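Read through the structure below, which is laid out as C-alpha cells, and then see the notes.
The values are calculated or read from the model by the stated rules, or taken from the named source; none is laboratory data. Just so you know, these numbers come straight off a predicted model, no measurement behind them. In this analysis, Cβ positions are derived from the backbone assuming ideal geometry, glycine residues included, and neighbour counts consider all displayed protein chains.
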Amino acid sequence: MYSSIVSSQWLNNNLEDKKIVILDASQEISEDNICIVGARYFDIKNEFSDNNSEFPNTFPSVMQFEENCKKLGIKNDSKIVVYDNRGIFYSPRVWWMFKTMGHENIAVLDGGLPDWMANNYETQTIFNKDFKRGNFTSKFESDRIKNYDFVNNNSVTQKSLLVDARSEGRFNGTTPDPREGILSGSIPNSINLHYATVLENNKFKSKAALTQIFSKIYAENKPLVFTCGSGITACILLLASELVSEQKTSVYDGAWTEWATLSQK
C-alpha cells in the first residue's frame, strides 16, 4: 500500500485483502455508532495516550502502544487504513503515531466516514472485535516527536521552523483558548498556518494546491516542527506537507497546552 492517503473507492475495492486493518479514530461517536464495515476502534484518548500526563493526548509509552495494538489484532505486516467521522481530523494523528513507531504501511482515508457514506459503501453499527491478538512491534523513531525543551531552545536558535495549526485568533491571542486556565497566544518565533487551509470538502487539497500553500515555508529550508493546541491538528499539517515534500518534519507533542503551562512557571 505505502500511500499516505487512499480513497473510499480504493478501500472498497480492497476490503477482501486480509492484511488490511481498518481503524476508526473518531472521538465524538454518534448515537447510532455508524462505522465502516470491519472497522476496529482506535481509542486515542483512553488507550493510545499517556493518561498519567497532565496534558491531553500525550504520546504513550512504547510498551502501552504495542500492547494496545496487539489487542486490536494489528500485526507487523498489517496494511492499516485509518479514518474518522469528521472527514479529516483525528486520523492524521494516528497515521503520525504509527509512523513514529516505525510502521510505514498506514494510510489515511481521504474524506473519512462522510465520504465513505456519500458513496453508499457498506457500514455497520458495531465495531469489529472478531480478530486474533496481533504481534505488533515498534521501532520508535524519536526524531519524529519533539518535547518542550527542544521547542524552548529552538525559539531562540530558530534552527527549525515551528508551524502552528491553530486558528489565527488563538495564535494571535485575540480569541480565548478553549481550555480553562490556558492563555491564548503563540510560541516565540513560530508561524501560523491554520489546519483548515490544507483541506477542502473534508479532503486534502490537490498536490498542486498544497505545494503552493507550503512554498514560503519550504523556502526557509529548515526542518519543520508542527504544533497546535493538543497535538491533533498539527498532524493534519504534517501529513499534508509529507504528501508534497520530503522535508524533514516532526510534531511538538505537548503543543500549546504544554507550552502555555510550563512557560508560565
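Please find, among 54, 66, the residue that is among the acidic types (Asp, Glu), within 22 Å of residue 104 (Cβ to Cβ) and in the same structural domain as residue 9 (by TED's automatic domain parsing).
So the residue among 54, 66 that is among the acidic types (Asp, Glu), within 22 Å of residue 104 (Cβ to Cβ) and in the same structural domain as residue 9 (by TED's automatic domain parsing) is 66.
Results for (1) among the charged types (D, E, K, R); (2) in contact with a helix residue (DSSP H, G or I) (Cβ under 6 Å, 6 or more places away or on another chain), shown as yes or no for each residue.
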| residue | (1), (2) |
| --- | --- |
| 34 | no, no |
| 41 | no, no |
| 47 | yes, yes |
| 54 | yes, no |
| 61 | no, no |
| 76 | no, no |
| 80 | no, no |
| 83 | no, yes |
| 86 | yes, no |
Note on residue 218: of the conditions (1) free of Cβ contacts under 8 Å to residues at least 60 places away in the same chain; (2) part of a loop (DSSP other than H, G, I, E, B); (3) of a type in the set (Ser, Thr, Tyr), unmet is (2)
Considering only the range 155-209, how many residues are of a type outside the set (Lys, Arg), part of a helix (DSSP H, G or I) and either outside the structural domain of residue 222 (by TED's automatic domain parsing) or surrounded by 15 or more Cβ atoms within 10 Å (Cβ to Cβ) (or both)?
6
Picking from 32, 50, 77, 43, which residue would you name as being closer than 18 Å to residue 120 by Cα, out of contact with any strand residue (DSSP E or B) (no Cβ under 9 Å at 6 or more places or on another chain), in a loop (DSSP other than H, G, I, E, B) and not polar (S, T, N, Q)?
32
So which residues in the range 52-99 are surrounded by 18 or more Cβ atoms within 10 Å (Cβ to Cβ), closer than 22 Å to residue 139 by Cα and hydroxyl-bearing (Ser, Thr, Tyr)?
58, 78, 91
Go through the range 145-169 and report how many residues are closer than 20 Å to residue 213 by Cβ and in contact with a Gly (Cβ under 7 Å, 6 or more places away or on another chain).
1
Please indicate, with yes or no, whether at least one residue in the range 227-249 is modelled with pLDDT of 95 or more, aliphatic (A, V, I, L, M) and part of a strand (DSSP E or B).
no
Write out, first by first residue and then by second, each pair whose Cβ atoms fall under 7 Å of each other, whose residues are 6+ apart or on separate chains, and whose first residue, in the range 106-120, is surrounded by fewer than 20 Cβ atoms within 10 Å (Cβ to Cβ) while the second is part of a loop (DSSP other than H, G, I, E, B).
114/87; 114/202
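Mind listing whichever residues of the range 132-144 are more than 24 Å from residue 79 (Cβ to Cβ) and either assigned to a loop (DSSP other than H, G, I, E, B) or not small (Gly, Ala, Ser) (or both)? Working first, answer last.
Taking the range 132-144 as the starting set, the residues that turn out to be more than 24 Å from residue 79 (Cβ to Cβ) are 142-143.
Once the filter is applied, which keeps residues that are more than 24 Å from residue 79 (Cβ to Cβ) and either assigned to a loop (DSSP other than H, G, I, E, B) or not small (Gly, Ala, Ser) (or both), the range 132-144 yields only 143.
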Search result, residues across the range 11-29 that are touching a strand residue (DSSP E or B) at 6+ places or on another chain (Cβ under 6 Å), among the hydrophobic types (A, V, I, L, M, F, W, C) and exposed (fewer than 14 other Cβ atoms within 10 Å of the Cβ)
none
